[in-house]
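Student: This is the structure I have questions about; it appears just below.
Throughout, read-outs are computed from the coordinates displayed, never taken from laboratory work. This structure is a prediction, so every number in the text was calculated from the model and none was measured. No Cβ is skipped: glycine too gets one built from the backbone with ideal geometry, and neighbour counts run over all protein chains shown.
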Amino acid sequence: MLGNSKLECLFLRIALALCILISCLSFGNAGITSTFIRSEWPSIDMPLDNDVFAIPKGHNAPQQVHITQGDYEGKAVIVSWVTPDDPGHNTVHYGTSDESYEFTAEGTVTNYTFYKYKSGYIHHCHVGDLKYNTKYYYKIGSGDSARKFWFQTPPKIDPDASYKFGIIGDLGQTFNSLSTLQHYMKSGGQTVLFLGDLSYADRYQFNDVGLRWDSWGRFAEKSAAYQPWIWSAGNHEIEYMPYMGEVEPFKSYIHRYLTPYLASKSSSPLWYAIRRASAHIIVLSAYSTFVKYTPQWHWLREELGRVDREKTPWLIVLMHVPIYNSNEAHFQEGESMQSVFESWFVKYRVDVVFAGHVHAYERSYRISSIHYNVSGDHHTIADKSAPVYITVGDGGNQEGLAGRFKDPQPEYSAFREASYGHSTLEIKNRTHAFYHWNRNDDGKKVATDEFILHNQYWGRNHRRRKLKKHIQMVIDEA
């Protein structure tokens, strides 16, 4: 047993040393453009009579059930569901046993119209004062139509709390979408960081827009009812359709998918922040105003000042439009947000920025272009203080893959491939996390791109010395 422990310790030290060495090198021409070509299913939505869209049995049974974090610290959830026929019961019964529910919480109910479509009754219920690292069971509905689910709360906020996030973007509701969701559900991920573009209902017209929001809600329920999905909005949530008399941006999305924006002092549900385990997660809105002095700009400046890397060392940013993208699709669309926020990402040493929008996968080295200006002076350099930028817009929607990359591959691009899939980020402690991108290879989960991500805060030399002293004190006390 002692020999095995020594070998494991030696292996970990070697792996960490190699990653530190690699992170210190400037990028070169070592980026990879994968030549893998897959024969994906057709990029068309599954028919509405497919089993994945099945309506639950029972009169007025709750459907489209999903949860998200309900506060800033991870001790609350928002439970949401739809009843199709009438408001019904608006109570969540919950507890730590599946045989009895000790507590209840009352929610709110709303609905909306879109063209001539009238939504079902949309319920949102805040369930708070939860214990960390605890499995809760909950029940919604009544009588024969009642439905039961469960979720696990995260560990308490702690710099060494381990946690595994899934990352999915641009999902849609095709057979490729189903493959992505099924593979993610086998990954061991505990919470989804969703990068925008949910249902692609805006690809339809008239009443079918609302119907496709309903079908997507039933499709995602198999995961979203059991673990939080942290939402961000994409362009397909805007739904600006004046020919149908619909000109209110994000109308369907905001009615259906609540976020805990008030807990982070945001003025909009489209940008907000949460803390979960050892991570501080910031969600930005690429389709809301963000230039200097706007509400989102003011909020982000204040939120970055509230980040405490001693408690939540992992600083993660979610947005829909990628800042760095070498694909022909949506090329340079993220430069306006880059010109406003990139210098802050470098200043505050953000660990990783996840984006969607481009229907392919790409990962950068640690880079910055903080001397960018609108006259076209755009020089990208290796930057140890910068985040890694990762595009995961390959969920499987009906628009298909973005298969044309810029040639030659830019020096900042480490790996890129046009295939469907999802990612996971497994935080191990305050110093490192394991990242995987998994390709959906014709029914098999294939780990295609993976690396060890070193924390930007605790990776700095003086913080390493501080951590070494802390570890020695723990050993001496033991």
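Student: Just name the residue that is farthest from the chain's Cα centre (by Cα) out of those in the stretch 338-357 that are closer than 13 Å to residue 286 by Cα and not β-branched (Val, Ile, Thr).
Tutor: Ranking the qualifying residues of the stretch 338-357, first place goes to 339.
Student: Filter the stretch 308-344 down to the residues that are under 19 Å from residue 370 (Cβ atoms), hydrophobic (A, V, I, L, M, F, W, C) and surrounded by 19 or more Cβ atoms within 10 Å (Cβ to Cβ) and list them by number.
Tutor: 315, 317, 319, 321, 323, 337, 341
Student: Would you point out which residue out of 221, 302 is of a type in the set (Asp, Glu) and either in contact (Cβ under 8 Å) with a residue 60 or more places away in the chain or part of a loop (DSSP other than H, G, I, E, B) (or both)? I'd like the intermediate steps shown before the answer.
Tutor: Working: 302 fails: either in contact (Cβ under 8 Å) with a residue 60 or more places away in the chain or part of a loop (DSSP other than H, G, I, E, B) (or both).
On inspection, the qualifying residue turns out to be 221.
Student: Hey, among 275, 309, which residue is touching a Phe, Trp or Tyr at 6+ places or on another chain (Cβ under 7 Å), in a loop (DSSP other than H, G, I, E, B) and among the charged types (D, E, K, R)? I'd like the intermediate steps shown before the answer.
Tutor: Details: 275 fails: in a loop (DSSP other than H, G, I, E, B).
Only one candidate qualifies: 309.
Student: With the condition kept exactly as written, say whether any residue in the stretch 324-337 is within 23 Å of residue 73 (Cα to Cα) and outside any loop (DSSP other than H, G, I, E, B). Steps first, answer last, please.
Tutor: Applying the first criterion (within 23 Å of residue 73 (Cα to Cα)) to the stretch 324-337 yields none.
No, the conditions are met nowhere in the stretch 324-337.
Student: How many residues are in contact (Cβ under 8 Å) with a residue 60 or more places away in the chain and of a type in the set (Phe, Trp, Tyr) when one looks only at the stretch 307-347?
Tutor: Qualifying residue count for the region: 3.
Student: Only one of (1) in a loop (DSSP other than H, G, I, E, B); (2) among the aromatic types (Phe, Trp, Tyr); (3) more than 17 Å from residue 235 (Cβ to Cβ) fails for residue 290. Which number is that?
Tutor: (3)
Student: Restricting attention to the stretch 178-212, which residues are touching a residue at least 60 places away in the same chain (Cβ under 8 Å), under 15 Å from residue 119 (Cβ atoms) and buried (at least 20 other Cβ atoms within 10 Å of the Cβ)?
Tutor: Correct list: 209, 210, 212.
Student: Of all residues being within 28 Å of the chain's Cα centre (by Cα), more than 18 Å from residue 153 (Cβ to Cβ) and not β-branched (Val, Ile, Thr) in the stretch 91-110, which is surrounded by the fewest Cβ atoms within 10 Å (Cβ to Cβ)? Just the residue, please.
Tutor: That would be 106.
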